[in-house]
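Visitor: A single structure is presented below for examination.
The values are calculated or read from the model by the stated rules, or taken from the named source; none is laboratory data. Everything quoted here is computed from the prediction, not taken from an experiment. Every residue, glycine as well, gets a Cβ built from its backbone with ideal geometry; the counts of neighbours run over all protein chains shown.
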Amino acid sequence: MLLEIKAAEYIDDYRIFLEFNDGYKAAVDLKEVLQNEQRKIFEPLKNPHYFKRFSLRFNTICWQNDVDFAPEFLYDLAKKQQSTNVSA
């Protein structure tokens, strides 16, 4: 199945609540991803005011500077973060 994001809602800081087309719903925290990202195109997303102004396009979350994250990456990250939070 091709993963798609059906809904996305800003929570706080660098966290977004996502709903995928397979029914999975979870919050994903992109703070660490952005902190470790060195490419200049990601710099605007490090500003929380800019970060929260995403939109849902092409079945994923996108920003005005055309940065997006693959739904598969977000799905895997959400699952990983969820299992880490359960284990902690």
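Visitor: Taking segment 1-54 on its own, how many of its residues are under 17 Å from Phe73 (Cα atoms), charged (D, E, K, R) and out of contact with any Phe, Trp or Tyr (no Cβ under 9 Å at 6 or more places or on another chain)?
Guide: Qualifying residue count for the region: 3.
Visitor: Could you look through segment 45-72, keep only residues that are outside any loop (DSSP other than H, G, I, E, B) and touching a helix residue (DSSP H, G or I) at 6+ places or on another chain (Cβ under 9 Å), and pick out the one that is farthest from Glu9 (Cα to Cα)? Break it down stepwise before answering.
Guide: Going residue by residue through segment 45-72, those that are outside any loop (DSSP other than H, G, I, E, B) are 45-46, 48-51, 55-57, 60-62, 68, 71-72.
Filter once more, so that each one left must be touching a helix residue (DSSP H, G or I) at 6+ places or on another chain (Cβ under 9 Å): 45-46, 50-51, 60-61.
On the way: Leu45: 16, Lys46: 18, Tyr50: 14, Phe51: 12, Thr60: 12, Ile61: 10 Å.
For segment 45-72, the residue satisfying everything is Lys46.
Visitor: Right, something else. Exactly one condition in (1) of a type outside the set (Lys, Arg); (2) exposed (fewer than 13 other Cβ atoms within 10 Å of the Cβ); (3) in contact (Cβ under 8 Å) with a residue 12 or more places away in the chain is not met by Gln38; state its number.
Guide: Failing condition for Gln38: (3).
Visitor: Going residue by residue through segment 23-32, is there one that turns out to be in a helix (DSSP H, G or I), surrounded by 11 or more Cβ atoms within 10 Å (Cβ to Cβ) and either on the phi > 0 side of the Ramachandran plot or in contact (Cβ under 8 Å) with a residue 40 or more places away in the chain (or both)? So that I can check it myself, show each step before the final result.
Guide: As a first pass, look at segment 23-32 and keep what is in a helix (DSSP H, G or I): 31-32.
So of that shortlist, the ones also surrounded by 11 or more Cβ atoms within 10 Å (Cβ to Cβ) come out as 31-32.
After this cut, where a residue has to be either on the phi > 0 side of the Ramachandran plot or in contact (Cβ under 8 Å) with a residue 40 or more places away in the chain (or both) as well, the list is none.
For segment 23-32, residues in a helix (DSSP H, G or I), surrounded by 11 or more Cβ atoms within 10 Å (Cβ to Cβ) and either on the phi > 0 side of the Ramachandran plot or in contact (Cβ under 8 Å) with a residue 40 or more places away in the chain (or both): absent.
Visitor: All but one of (1) in a helix (DSSP H, G or I); (2) within 14 Å of the chain's Cα centre (by Cα) hold for Asn85; which doesn't?
Guide: It fails just one condition, (2).
Visitor: Restricting the first residue to segment 68-86 and requiring it to be within 19 Å of Ser55 (Cβ to Cβ), which pairs with a second residue that is of a type in the set (Phe, Trp, Tyr) and modelled with pLDDT under 95 meet a Cβ separation below 7 Å and a spacing of at least six or different chains?
Guide: What qualifies is Asp68/Phe58.
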